[in-house]
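Heads up, the thing below is written out as structure tokens.
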Amino acid sequence: MSMRDDLRETGNPAAGGSPAAGVALREAGAVATDTPSMLLHHRDFLIDGVKLPDRSFDLIVADPPYGLGKDYGNDSDMRSGEDFLAWTRGWLDLAMPKLKPRGSLYIFCTWQYAPEIFSYLKTRLTMVNEIVWDRRVPSMGGTTRRFTSVHDNIGLFAVSKDYYFDLDPVRIPYDAATKKARSRRIFEGSKWLEIGYNPKDIWSVSRLHRQHAERVDHPTQKPLEIIERMVLASCPPGGTVLDPFMGSGTTAVACAKHGRCFVGYEINADYHAVARQRIAEIPHHVPN
């Protein structure tokens with residue numbers, strides 16, 4: 001039985017799940033799309049996430065509300081200060097046990113709360129990286145009382161030091177000029193020169209403008225390029241990804257395109273519908 005069948009039929013028993021866990025997933029409101037490895041819940045992870053079996057996910061990609069008062073069609077981002085941090089600790093406590101022993105977690109956040117969130121996670125997990133996403137915001141307008149913020153913080157944490165990580169699928173190819181400059185004999189046959197370099201911990205990827213072809217109706221949609229990098233590097237082929245705050249389904253799209261199983265939660269019906277539509281548009285056959 002494949003990993004996809006494990007997830008669909010038995011809640012991934014190979015990772016500590018059970019037939020009962022599979023039933024719990026279905027009763028929790030999972031919506032099976034045309035892709036059998038995709039389970040998209042129109043539910044609140046903080047309520048239904050307890051039904052997921054522990055130690056069953058290779059990767060968690062979490063893009064929660066930032067505590068900045070954004071309008072997601074509900075009051076999910078209206079917490080601030082200690083109330084927001086207490087809420088964050090609550091869903092993290094629910095999510096972290098779901099990771100496998102070699103599992104990892106990426107969490108998006110803002111600089112206002114990153115120190116407290118990262119400090120809390122470091123008491124439970126191993127911190128691997130702090131990644132800075134440079135959104136490539138154009139240099140115009142903005143505040144005059146401080147330097148304009150143009151980045152998001154991303155924390156990468158792992159259950160143990162033996163976490164899964166595959167750099168090769170996310171390497172960035174060297175351009176022709178660089179390869180030519182490294183044409184001396186000492187560089188001949190160098191694997192790194194042929195397959196590319198490590199993306200480093202500053203990711204300069206443009207935010208999705210309203211005219212961007214990838215953009216859907218979601219105020220804080222993340223670029224697919226960023227999520228694909230996380231999925232390819234930190235989840236093995238055929239592995240399973242959990243997204244507690246699915247939004248418009250970008251993580252689901254990355255998983256469907258690259259042969260990973262996916263379980264996601266979204267409380268906004270409109271965003272959930274957008275995510276389902278995006279998955280429905282992906283060809284059924286997805287090679288690992």
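The values are calculated or read from the model by the stated rules, or taken from the named source; none is laboratory data. Computed from a prediction, not measured in an experiment: that's the story for all the values here. Cβ sites come from the backbone with ideal geometry, for glycine too, and all protein chains shown count toward neighbours.
Observations on the structure shown:
- Which numbered condition Arg207 fails, given (1) of a type in the set (Lys, Arg); (2) surrounded by fewer than 16 Cβ atoms within 10 Å (Cβ to Cβ); (3) at pLDDT below 95: (2)
- Scanning segment 90-144 for residues that are touching a Ser or Thr at 6+ places or on another chain (Cβ under 6 Å) and modelled with pLDDT under 95 yields Asp134, Arg136, Gly142.
- Subset tally (residues that are in contact with a Pro (Cβ under 7 Å, 6 or more places away or on another chain) and closer than 24 Å to Pro53 by Cα) for segment 218-243: 2
- Residues being among the hydroxyl-bearing types (Ser, Thr, Tyr), surrounded by 15 or more Cβ atoms within 10 Å (Cβ to Cβ) and touching a helix residue (DSSP H, G or I) at 6+ places or on another chain (Cβ under 7 Å) are entirely absent from segment 76-87.
- Residue count, segment 85-98 (criterion: in contact with a Pro (Cβ under 8 Å, 6 or more places away or on another chain) and free of Cβ contacts under 8 Å to residues at least 40 places away in the same chain): 1
- Qualifying residue in segment 207-226 (condition: over 17 Å from Asp63 (Cα atoms) and of a type in the set (A, V, I, L, M)): yes
- Any hit, segment 48-69, residues being at pLDDT below 60 and over 15 Å from Phe245 (Cα atoms): yes
- Pairs where the first residue, in segment 149-160, is without any contact (Cβ under 8 Å) to a residue 24 or more places away in the chain and the second is not in a loop (DSSP other than H, G, I, E, B), C-beta under 8 Å, 6+ apart: Val150/Asp134
- Pro283 vs. criteria at pLDDT below 95 and buried (at least 18 other Cβ atoms within 10 Å of the Cβ): no
- Exactly one residue out of Ala233, Ala254 is under 16 Å from Tyr106 (Cβ atoms), crowded, with 23+ Cβ neighbours inside 10 Å and small (Gly, Ala, Ser), and it is Ala254.
- Whichever residue in segment 123-146 is of a type in the set (Val, Ile, Thr) and within 17 Å of Lys222 (Cβ to Cβ) and, among such residues, is surrounded by the most Cβ atoms within 10 Å (Cβ to Cβ): Ile131
- Residues being farther than 13 Å from Val170 by Cα and touching a residue at least 60 places away in the same chain (Cβ under 8 Å) - total across segment 213-235: 4
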